[in-house]
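Data first, discussion second: the structure below is written as structure tokens.
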Amino acid sequence: MFFTYLRRELRRRRKAALVVASGLALGIALVIVVNSVSSGMGKAQDKVLESLYGLGTDMTVTKAAPAQSGDNAQQRPRFEFDAQDSDSDAEQSSDIVMPQGFQTLAASTVTKVGSQNGVSDAVGGLSLQVVKVDGQFTRGQFQQDDSGGGQQQGGPGGNGGGTGQPQGEVRGGGANFDVNNYSVYGTDVTQSGAGPLTSSKITSGRTFKSTETNAKVAVVDSAYAKEKELKVGSTVTIKKVKFKVIGVATADSGDAAANLYIPLKQAQTVSDQKNKVTTIYVKATDSQQIDAVKSTIQKNISGTTVTTSADLADTVSGSLSTASDLATSVGKWLSIAVLVAAFLVAGLLTSSAVSRRVREFGTLKALGWRSGRVTRQVVGEAMVNGLLGGALGIGLGLAGAYVVTAVSPTLQAQLGGSTGGGGGMGGGPGGGGPGRQAAKTLEVALTAPVSVTTIVLAVGLAVAGGLIAGAFGGWRASRLRPADALRRVE
């Protein structure tokens, strides 16, 4: 009887039911789109941070930056060339290999960090900047001055008064040098689960083997390989040490963390940084306790700076940050406002419909229907309207998310650079040069993934909308009396 009456009433009032369902559908669709875009923003930001952080990393530990001083002579690279007369036209070459930011930690710090409460794993890495200068000096040519009368003769007291030196000048000559600046990351090949290389995919060749702890092998970034015409089997030279390229890696984030990757021990050797690291990548045992682990490390290991992914995310600027703020703040409050309005309109329309059905409900009560049965009938109709609105809202929301993904607007993200000592945010090995990590600009395509959680939220909102509307109508229906129906009989 309940479902028979429900079906007939909904069919008889199709337009009113459609209006209520449409209002709820618009609110639910907006919530789905906003949640999907916010999720896409989060994934885009994670993709940006991967180039500095690496997959599976919750935080990084670097050496704390020292107080700035006026004397930076120790941080200035010095180049030395042979300048013998017999070799003045010979090719000259010199490599300077420097730790990124000039700040290093003892390798034993990796073990100390790994032993802290809440730390699941700790992996050390050495970020290097290589400045290579090569070229040659060209000998100048002496040209005698013809207007001078040649050599002067005579000695002390003589008429000539000359010294016997030819008159003229040196013309031509000089120096022509090329400067090549690139980054190298020394990775712990025995632990491949963290570090910048994990954010890249091997597209040619292979990655490091765990036995190649001190092998002269290298993995090269695809962009750098294209620029320098490198491939698997090629040879690269760092400070007169030759490394064989075993693989080519393409960064998932679109921006490489380093140009070259070599085993950690080899990186320490070529940079004269034995048993040193610049960055420690840390994985927490519980992702909900990252802040507590950060505090523990800072308290127990002095002279270090701990940077979490949340800290690094705060430095992201550009259109990605602007869109993310818009989606999380303006979008959230707009969704709430639309939902409240939709629920109120649905409730008021249902209550108004009950007012127009006074004679119907009064007659049913006169025939023996109790107030509770009338209320359940109204709530049932409102619930059907809510579920119908939920189905329409999910359809509209999925369509909106698909449009956002299909159009794929490109957003820019900038990671602000830091000057001075400490290796910068995250201690990443990318660009920047001596003592400075330059700002990185990345472009990412926006997507709007719809998760199961979002769908469940939409269904919950549909049920909530139906209950709210049913509560309005049921309250009005429960107050009706049979006498009201008799007064309206014509």
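Nothing in this text is a laboratory measurement; each read-out follows from the coordinates by a stated rule. Bear in mind that the values here come from a model prediction, so they are computed numbers and not experimental data.
Couple of notes before you dig in:
- For residue 278, distant residues with modelled amide H under 5 Å away: 105, 125, 126, 127
- Added length on full extension, which subtracts the Cα-Cα distance from 0.36 nm per residue, residue 288 to residue 391: 33.6 nm
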